[in-house]
Amino acid sequence: MAGDQSARARYPDLPLECEVTNLKELDEALAAGAPRVLLDNMSVSTLREAVERASGKAETEASGGLAIGSLRQVAETGVDYLSIGSLTHSAPALDLSMLIELTD
């Protein structure tokens, strides 16, 4: 069995998402039956085309280089989900201790 089919046979309930970086890869993922595709670092016009191609075949998620200021424009392409790494990788660190002192 090929990669996806073997994994799917062993873990039928495990969520599966395929990352693609261009429309050719998207077409391959859709032909393989990927239920969800992560559209990585695509322009708004390419996202729009990707959403049209995936319509009714797979859920779509835009990711890679998304900025808070461009979310409306990206969302208007029709993608199902948006992933914004800057929410986590640009957040300041917090030093937190789990030290608990018991008193009588």
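The values are calculated or read from the model by the stated rules, or taken from the named source; none is laboratory data. Remember, it's a predicted structure, so these values are computed and weren't measured experimentally. Backbone-built Cβ (ideal geometry, glycine too); neighbour counts: all protein chains shown. We work out accessible area using only protein heavy atoms, side chains counted, and drop any ligands, DNA or RNA first. Shrake-Rupley method; radii C 1.70, N 1.55, O 1.52, S 1.80 Å.
General observations
- Amide H partners (placed H, <5 Å) of Glu19, local residues excluded: Leu38
- Relative contact order for the chain, counting Cα pairs under 8 Å that sit 6 or more residues apart, in percent: 20 percent
- Proximity of backbone amide H atoms, modeled 1.01 Å from N, is registered between Glu59 and Arg36, Val37 at under 5 Å, excluding neighbours fewer than 5 places apart on the same chain.
- Under the simplified labelling scheme, the Thr103-Leu14 pair shows an inter-label distance of 5.0 nm, with each label point 7 Å from Cα along Cα→Cβ.
- Other residues with beta-carbon under 9 Å from the beta-carbon of Ser63 carry, at +1 per Lys or Arg and -1 per Asp or Glu, a net charge of -3.
- Listed residues Gly85, Gly65, Gly56, most fluctuating in the chain (Gaussian network, C-alpha, under 10 Å): Gly56
- Accessible area in square angstrom per residue, region 27-94, 1.4 angstrom probe: 59 Å²
- Overall dimensions of the chain as given by Cα atoms, namely Rg and Dmax in Å: 18.8, 67
- Per-residue [θ]222 nm for the chain (sum of -39500 (n - 2.57) over DSSP H runs n ≥ 4, rounded to 500): -9000 deg cm²/dmol
- Trypsin sites (Lys or Arg not before Pro) lying in DSSP loop within region 15-58, provided at most 15 other Cβ fall within 10 Å: Lys57
- Applying the criteria of a DSSP loop state and at most 16 other Cβ atoms within 10 Å to the GluC sites (Glu not before Pro) of region 10-44 yields Glu17.
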